[in-house]
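Trainee: Before we start, here is the structure in question, set down as structure tokens.
The values are calculated or read from the model by the stated rules, or taken from the named source; none is laboratory data. The structure presented is a predicted model; accordingly, all values stated were derived computationally and were not measured. Cβ coordinates were reconstructed from backbone atoms using ideal geometry, including for glycine residues, and neighbour counts include every protein chain displayed. Quick note on the areas: whole protein, heavy atoms, side chains included, nothing else; ligands and nucleic acids left out. Shrake-Rupley method; radii C 1.70, N 1.55, O 1.52, S 1.80 Å.
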Amino acid sequence: ASFSHLESLHIEGADLGQLPKSIGDLTKLQFLWLPRNKLTGQVPDSIGKLANLESLNLNMNALEGPIPSSVGSLAKLTNLELWSNHLSGELPAEVGSLSNLEHLWLGSNRISGTVPASLGNLVKLIDLQLSDNYLNGQLPSFDKLSNLKTLYVTGSFTCGSAPANVAEHSDLPAVGQEIADCSAIDSTLPTASPSEGPVSPVQSPVQSPVQSPVQS
């Protein structure tokens with residue numbers, strides 16, 4: 001059977017192995033949700049070929065290696081969730097070119113280095129979750145992020161200024177205030193049980209996701 005016209009794929013609780021390079025051939029995909037499937041290996045570069053993709057959820061797997069810079073080609077992406085994997089390397093600056101991105105969840109990985117300044121250009125961003133990685137250095141200025149409601153970070157940071165509209169959000173510091181201790185930001189935001197993980201900020205378009213008899 002051909003899956004070339006597939007628009008939504010949601011599988012959860014299976015044992016899927018690795019993401020094949022051929023995933024990039026599903027160019028009609030708008031929603032790709034594969035959380036909790038014991039996925040291993042790397043996120044293939046071919047993921048950047050999914051030009052119609054709006055939501056990518058690979059939470060709570062065992063994916064490793066770097067986040068491919070090709071994700072910067074996903075111009076329609078509004079939701080990027082890679083929470084709780086073993087991803088490493090630096091956060092690619094190309095993520096900052098995702099001009100429609102609203103939710104960015106990269107927490108509980110092994111991402112290192114600095115947070116690219118390009119993230120300060122994600123003007124539609126609502127949620128930014130970078131906690132529990134090995135990030136350090138200067139956080140970019142979030143002055144342009146007028147829609148930001150949740151900022152969740154931990155690490156050895158010298159922080160930039162808070163978002164311009166931050167007075168509207170009780171969980172963020174005062175307008176333009178230099179943040180001296182990023183861990184103070186983190187402590188003001190709700191935490192989730194590591195065993196269950198956070199609830200995705202968006203809903204799957206598939207009402208009855210495919211369930212595997214294999215227990216996770």
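Trainee: Would a scan of the stretch 117-125 turn up a residue that is farther than 24 Å from Glu64 by Cα, in contact (Cβ under 8 Å) with a residue 40 or more places away in the chain and more than 16 Å from the chain's Cα centre (by Cα)?
Mentor: Checked against the condition, which is being farther than 24 Å from Glu64 by Cα, in contact (Cβ under 8 Å) with a residue 40 or more places away in the chain and more than 16 Å from the chain's Cα centre (by Cα), the stretch 117-125 yields no hits at all.
Trainee: A follow-up question, please. Could you grab me the full set of residues in the stretch 39-57 that are surrounded by 19 or more Cβ atoms within 10 Å (Cβ to Cβ) and either modelled with pLDDT under 95 or within 15 Å of Ala14 (Cβ to Cβ) (or both)?
Mentor: Listed by number, the residues that qualify are Leu39, Asn57.
Trainee: Just need a number here: residues in the stretch 122-152 that are outside any loop (DSSP other than H, G, I, E, B) and surrounded by fewer than 16 Cβ atoms within 10 Å (Cβ to Cβ).
Mentor: Residues meeting the conditions: 4.
Trainee: Can you name the number of the only condition in (1) part of a loop (DSSP other than H, G, I, E, B); (2) open to solvent by less than 60 Å² (accessible area, probe 1.4 Å); (3) among the small types (Gly, Ala, Ser) that Ser118 fails?
Mentor: (1)
A quick yes/no check of all residues on (1) assigned to a helix (DSSP H, G or I); (2) open to solvent by less than 20 Å² (accessible area, probe 1.4 Å); (3) charged (D, E, K, R):
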position	(1), (2), (3)
Asn59	no, yes, no
Ala62	no, no, no
Leu87	no, yes, no
Glu94	yes, no, yes
Asn100	no, no, no
Gly107	no, yes, no
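Trainee: Another question about this same structure. Give just the number: which of (1) in a loop (DSSP other than H, G, I, E, B); (2) farther than 21 Å from Gly120 by Cβ; (3) out of contact with any strand residue (DSSP E or B) (no Cβ under 7 Å at 6 or more places or on another chain); (4) not charged (D, E, K, R) does Ala75 not satisfy?
Mentor: Of (1) in a loop (DSSP other than H, G, I, E, B); (2) farther than 21 Å from Gly120 by Cβ; (3) out of contact with any strand residue (DSSP E or B) (no Cβ under 7 Å at 6 or more places or on another chain); (4) not charged (D, E, K, R), only one is false for Ala75: (2).
Trainee: Also: Can you tell me which residues in the stretch 9-35 are within 19 Å of Asn109 (Cα to Cα) and crowded, with 19+ Cβ neighbours inside 10 Å?
Mentor: Those that are within 19 Å of Asn109 (Cα to Cα) and crowded, with 19+ Cβ neighbours inside 10 Å: Leu19, Trp33, Leu34, Pro35.
Trainee: While we're here: Taking only pairs six or more apart or across chains, which ones have beta-carbon atoms under 7 Å, a first residue in the stretch 58-85 that is basic (Lys, Arg), and a second residue that is open to solvent by less than 30 Å² (accessible area, probe 1.4 Å)?
Mentor: Lys76/Leu53
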